[in-house]
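Written out below as structure tokens is the structure these notes cover.
The values are calculated or read from the model by the stated rules, or taken from the named source; none is laboratory data. Because the structure is predicted, anything quoted here is derived from the model rather than measured. Cβ placement follows ideal geometry from the backbone for every residue including glycine, while neighbour counts extend to all protein chains displayed.
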Amino acid sequence: MSFQTDTVHAGVAPDPAYGAIMTPIYQSSTFVFEDIGRHKGFDYTRSGNPTRKALEDNLAALEGCSFAAAVTSGMAAIATVMHLFRTGDELICTDDCYGGTARLLKTLQEQFGLIVRFENLRNPGRLEQLITPATRAIWIETPSNPLLNLVDIEATAHTARAHGLLTIVDNTFLSPYLQKPFSLGADIVVHSTTKYLNGHSDVIGGALLSNSRELDERLKNLVNTLGTGAQPFDCWLVLRGIKTLVPRMKEHLANAAKIAEFLDGHRNVKQVFYPGLPSHPQHELARRQQDGFGAMVSFEIDGGIDNVNQILKRTRLFSLAESLGGVESLIEHPATMSHLSMGEDHRRKAGISDTVIRLSIGIEDPDDLIADLDQALGENKKTGDVVQ
């Protein structure tokens, strides 16, 4: 079946008890045993739940893999995966990753002895030189947050596999509609299902997926042991959101392309970060690796943080808030919001300046969104000029 059909039907079926077309919310902490050691597939919701199982089957179908585990948040997915490693193991991570990911990895390094190296992985040939005897995995975030840098998944996975390493990909920014990491050699894929998969900014959730039964068993044992499994109502909300993923993404993509082009031609914008622009240094990789350019657009302005704040306060349709992937458009300042916990030195090395602004493009009318950005950007308080 097609991807769009799978978003609606994969993993779900009418309720056998009463014929409900929508997956029921099995809001129960425990399940009755029929006899000693015998039950109907579920015993305790921390270990598993029918609503969660429906979401997991749906996600596995969409990512084109065999196994999935739904967890309480994107950070819960990342934290669960990190428990695969031991003190002294080394992880090589994309340098300009999400601030929450960087915070977790630094905490694990400081408190538990995991060796973490944040590196520029945009040149596939460089990875071979970075691997050491202690390396156990490569962590990829592509496109990266917030600079939309790309990592060649296939080339990275090829090198990692030659050294017996895991390739782990955070696919949150694109969703399985636009990027299939498993088809490019990934071993584990993580998501914040809060974002595009749910798409309505009304739930916190995450997922971790794999194609290996051995990895799946280890990951699900960790989910059960750590208690990171997603709750039934949250799973139901994500399932509901996924059903409209394709039509939503089509609107997101069309709007993002128009807004990126508008920003690229604006006199008060210094640089635009968007893989869909031919000027993006990895535009050809995006065309090859992805099925679309995504709906995240970042840009940099001249001036300082006061100029940034003027823009943030002037937008009317773009709400100043963290997160992304909802139907509504958001604007945020990575240096003081999503990437504050990364630390100034790390941000500087990763190229995330104080004058970078990140947009999550929603599904509103693009002309309205452009008009909103135009009026917010139009007056340059630093020079007093007004853009007509």
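Some observations on this one:
- Residues in the range 340-372 that are within 17 Å of PHE173 (Cα to Cα) and in contact with a strand residue (DSSP E or B) (Cβ under 9 Å, 6 or more places away or on another chain): 6 in all.
- The single condition from (1) exposed (fewer than 15 other Cβ atoms within 10 Å of the Cβ); (2) over 22 Å from GLY74 (Cα atoms) that GLY303 fails is (1).
- For the range 320-331, a residue qualifies if it is within 22 Å of ASP368 (Cβ to Cβ) and surrounded by fewer than 23 Cβ atoms within 10 Å (Cβ to Cβ), and the qualifying residues are LEU320, ALA321, SER323, VAL327, GLU328, LEU330, ILE331.
- For GLY164, the conditions (1) in a loop (DSSP other than H, G, I, E, B); (2) touching a helix residue (DSSP H, G or I) at 6+ places or on another chain (Cβ under 9 Å) all hold with the exception of (2).
- Residue match in the range 316-336 (condition: part of a loop (DSSP other than H, G, I, E, B), of a type in the set (Lys, Arg) and more than 21 Å from the chain's Cα centre (by Cα)): yes
- Meets criteria (surrounded by fewer than 16 Cβ atoms within 10 Å (Cβ to Cβ), out of contact with any Asp or Glu (no Cβ under 7 Å at 6 or more places or on another chain), closer than 24 Å to LEU245 by Cα and in the same structural domain as ALA61 (by TED's automatic domain parsing)) for SER175: no
- In the set VAL12, VAL8, only one residue is out of contact with any Ser or Thr (no Cβ under 8 Å at 6 or more places or on another chain) and either over 23 Å from SER212 (Cα atoms) or assigned to a loop (DSSP other than H, G, I, E, B) (or both); that residue is VAL8.
- Test result for LEU369, in contact with a Ser or Thr (Cβ under 7 Å, 6 or more places away or on another chain), in contact (Cβ under 8 Å) with a residue 24 or more places away in the chain and assigned to a helix (DSSP H, G or I): yes
- Filter pass, GLU332 being within 23 Å of GLY205 (Cβ to Cβ), not hydrophobic (A, V, I, L, M, F, W, C) and not assigned by TED's automatic domain parsing to the domain that holds GLN179: yes
- Of the set (1) modelled with pLDDT of 95 or more; (2) surrounded by 21 or more Cβ atoms within 10 Å (Cβ to Cβ), all apply to ILE352 but (1).
- Residue count for the range 339-349 satisfying the condition of being part of a loop (DSSP other than H, G, I, E, B) and either modelled with pLDDT of 90 or more or closer than 18 Å to LEU197 by Cβ (or both): 1.
- Which numbered condition THR193 misses (of (1) touching a residue at least 40 places away in the same chain (Cβ under 8 Å); (2) surrounded by fewer than 24 Cβ atoms within 10 Å (Cβ to Cβ); (3) not charged (D, E, K, R)): (2)
- Taking the numbered list (1) surrounded by fewer than 20 Cβ atoms within 10 Å (Cβ to Cβ); (2) of a type in the set (S, T, N, Q); (3) touching a Pro at 6+ places or on another chain (Cβ under 9 Å) in turn, SER338 passes all entries but (1).
- Some residue of the range 143-159 being more than 27 Å from GLU344 (Cβ to Cβ), surrounded by fewer than 18 Cβ atoms within 10 Å (Cβ to Cβ) and either outside the structural domain of ILE188 (by TED's automatic domain parsing) or out of contact with any helix residue (DSSP H, G or I) (no Cβ under 7 Å at 6 or more places or on another chain) (or both): yes
- The number of residues in the range 288-329 that are among the small types (Gly, Ala, Ser) and either in the same structural domain as PRO146 (by TED's automatic domain parsing) or farther than 30 Å from ILE242 by Cβ (or both) comes to 2.
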